[in-house]
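The block underneath contains the structure these notes are about, expressed in structure tokens.
The values are calculated or read from the model by the stated rules, or taken from the named source; none is laboratory data. Being a predicted model, the structure only gives us computed values, none of them experimental. Glycine also receives a Cβ, built like all others from the backbone with ideal geometry; neighbour counts cover every protein chain displayed. Remember, those area values only see protein heavy atoms, side chains included, never the ligands or the DNA or RNA. Shrake-Rupley method; radii C 1.70, N 1.55, O 1.52, S 1.80 Å.
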Amino acid sequence: MKIPQENTSTEKTICFKVGTDLLYGVMSLPASPGSRGVLFIVGGPQYRAGSHRQFTLLSRDLALNGFSAMRFDYRGMGDSEGDACDFLNIHDDIKSAINSFFLHNPHLSEIVLWGLCDGASAAMLYASGDTRVKGMVLINPWVRTEAGSAKAHLKHYYKDRLTDPLLWKKILHGQYSYRATAKSLLSQLSQILKTDKASGETAQQVHLPDQILTAMQQFTGKTLIILSENDLTAREFADVLQGSKAWKNLSKSPQFRVHELKNANHTFSQRVWRNQVASWTDEWLKSW
């Protein structure tokens, strides 16, 4: 992405409360801010910088392009106080972060939530209940169930393995373990065939895709989805998108935009992948 050289930005630490716990974050602020801010929701367990410093770098990039951005540690992560929470229990953290973001930036009138993995799932579950949220950027959203994971593994992992030259080299040299592969394959099939009760899944796990679908159907803002090609979490979400008429209708809405990043892994460990995510994010934010 080309960054206007005349633009400048500053960073400011921020502290706010959820109950009696102090939470900490960092805002990246443009010299001439607009009315739209971006709040990052990290995928756990990690803190506000993100894998490979992705959230730090993207926040600064957005500030240089005129968007105020905030990244923070929710309870029990990084510098923030409190007991660790999973993504299903950070509703109050997100709300308090938005409140504080607005308090320190009176020019803001709307928020875009940017989340990776279960941070994206937390964003989807939260967004429809807060009228300040007008958009979401969802990166490799987590919709994991035991059966869904097994199906994604069978559909994508084994198919890719058949075209892997290293696999055929091992077979030709007698270094391939057929027993281990058969055991793994049977395990995946077993997960698919088990009933919800027999598999030991909790109600939250079993119904997570349905919970998210309901929340997304209630959200009236815009959504950008970015999926990594080389990531089973992304592949499982892509299967969910194509798995029912309701999800298909939702994904075909003019409010939706979906990108797939070729060869990228879950956390975009290469600079070229991170730059592409930054470019898509910036272009999308400026398109509406």
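In this structure, does GLY50 turn out to be within 20 Å of ASN265 (Cβ to Cβ), in contact with a helix residue (DSSP H, G or I) (Cβ under 8 Å, 6 or more places away or on another chain) and either open to solvent by less than 20 Å² (accessible area, probe 1.4 Å) or modelled with pLDDT under 95 (or both)? In short, yes. Which count do you get for residues in segment 69-104 that are acidic (Asp, Glu), touching a residue at least 24 places away in the same chain (Cβ under 8 Å) and either open to solvent by 40 Å² or more (accessible area, probe 1.4 Å) or on the phi > 0 side of the Ramachandran plot (or both)? Matching residues across segment 69-104 total 4. Answer yes or no: is there a residue in segment 100-113 that is within 15 Å of GLY43 (Cα to Cα) and either in contact with a Gly (Cβ under 9 Å, 6 or more places away or on another chain) or small (Gly, Ala, Ser) (or both). Yes; the residues of segment 100-113 include at least one that is within 15 Å of GLY43 (Cα to Cα) and either in contact with a Gly (Cβ under 9 Å, 6 or more places away or on another chain) or small (Gly, Ala, Ser) (or both). Scanning segment 34-43 for residues being under 16 Å from ILE139 (Cα atoms) and either surrounded by fewer than 20 Cβ atoms within 10 Å (Cβ to Cβ) or without any contact (Cβ under 8 Å) to a residue 40 or more places away in the chain (or both) gives a total of 0.
Put simply, of VAL272, VAL240 the only residue that is modelled with pLDDT of 95 or more, β-branched (Val, Ile, Thr) and in a helix (DSSP H, G or I) is VAL272. Within the span defined as segment 3-23, every residue fails to be modelled with pLDDT of 95 or more, closer than 25 Å to HIS266 by Cα and open to solvent by less than 20 Å² (accessible area, probe 1.4 Å). Quick check, is LEU64 open to solvent by 10 Å² or more (accessible area, probe 1.4 Å), more than 17 Å from the chain's Cα centre (by Cα) and not small (Gly, Ala, Ser)? Spelling it out, LEU64 is indeed open to solvent by 10 Å² or more (accessible area, probe 1.4 Å), more than 17 Å from the chain's Cα centre (by Cα) and not small (Gly, Ala, Ser).
Considering (1) touching a Phe, Trp or Tyr at 6+ places or on another chain (Cβ under 8 Å); (2) surrounded by 15 or more Cβ atoms within 10 Å (Cβ to Cβ); (3) not hydrophobic (A, V, I, L, M, F, W, C), the lone condition that GLU110 does not fulfil carries the number (1).
To keep it simple, each residue is scored yes or no on (1) touching a Leu at 6+ places or on another chain (Cβ under 6 Å); (2) modelled with pLDDT of 95 or more; (3) open to solvent by 30 Å² or more (accessible area, probe 1.4 Å); (4) within 21 Å of TYR126 (Cα to Cα).
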{"site": "PHE219", "(1), (2), (3), (4)": "no, yes, no, yes"}
{"site": "LYS252", "(1), (2), (3), (4)": "no, no, yes, no"}
{"site": "GLU260", "(1), (2), (3), (4)": "yes, yes, yes, no"}
{"site": "TRP280", "(1), (2), (3), (4)": "no, yes, yes, no"}
{"site": "LEU285", "(1), (2), (3), (4)": "no, yes, no, yes"}
